[in-house]
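I have placed the structure first, in the form of structure tokens, so that the comments after it can refer back to it.
The values are calculated or read from the model by the stated rules, or taken from the named source; none is laboratory data. What you are looking at is a predicted structure, and each value in this text was computed from that prediction instead of being measured. Surface areas here come from the heavy atoms of the whole protein model, side chains and all, with no ligands, DNA or RNA. Shrake-Rupley method; radii C 1.70, N 1.55, O 1.52, S 1.80 Å.
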Amino acid sequence: MTDTRGPQPQYEGYATGPLPGEREPAPGPSGPYHPPQAYQAPGGGTQGGQQRPGPADGTLGGAQGVGGAQATRKPRTGARTTPRTRKARLRVAKADPWSVMKVSFLLSIALGICTVVASAVLWMVMDAMGVFETVGGTISEATGSNESNGFDLQSFLSLPRVLIFTSVIAVIDVVLATALATLGAFIYNLSAGFVGGVELTLAEDE
């Protein structure tokens with residue numbers, strides 16, 4: 001059989017040159033392959049695990065490579081953090097009259113004792129300043145006559161009488177405060193049944 005295709009063109013590099021497996025390696029320093037980068041690394045930094053020389057003195061970038069580590073962002077220490085506040089909305093649905101009576105009784109007793117002590121201290125201060133003597137002399141002269149010396153304020157406002165009068169007022173205050181507080185608890189329970197009671201908002205800081 002005769003070949004009728006005629007002479008075939010010869011391609012340069014394949015027909016005359018060596019095969020790819022038979023080519024000699026290109027001259028140059030041997031080392032790992034580094035792909036090209038779009039942006040140039042800063043001078044003295046590291047690239048691909050190797051140190052690059054600096055732009056000016058040509059020394060190794062071991063000393064200047066620390067600058068690359070300083071480029072990392074540091075946490076802001078001066079930032080203020082606003083504490084979160086948890087809130088709970090509660091409603092006072094009922095007040096126990098018995099507990100209200102006990103608490104009001106103790107508070108009214110404490111208030112009565114404070115009233116008696118304050119009256120005694122006030123009387124001593126006014127007596128030391130001479131208020132009773134001055135005012136009593138003026139009243140005696142105004143109400144006195146030829147037959148009587150007038151009204152004696154000092155004997156009327158003596159310390160025992162003042163303490164007795166103040167104690168009676170304190171006892172009445174204890175009874176009235178306890179009764180009014182207990183009655184108020186009953187009235188609150190009745191009104192809370194209609195309107196739902198008093199709502200409170202409690203907050204807790206974390």
**Message:** Assuming 0.36 nm per residue, please report the length gained on full extension of the stretch Val121 to Leu107 beyond their Cα-Cα distance.
**Reply:** 2.9 nm
**Complete:** For segment 91-108, Karplus-derived ³J(HN,Hα) couplings (6.51, -1.76, 1.60; θ = phi - 60°; whole Hz; x for glycine and proline) come out as 10, 7, 7, 8, 10, 6, x, 5, 5, 5, 5, 5, 5, 5, 5, 5, 5, 5
**Asked** Accessible area per residue of segment 113-206 at 1.4 Å probe, in Å²?
**Response** 72
**Request:** Rank these residues by their accessible area, most exposed first, probe 1.4 Å: Glu204, Glu141.
**Result:** Glu141, Glu204
**Fill in**
Long-range amide H partners of Ala95, meaning residues 5 or more apart or on another chain whose placed amide H is closer than 5 Å, are Asn189
**Under-5 Å amide H pairs with Val198, H placed in peptide plane, nonlocal only** = Val92
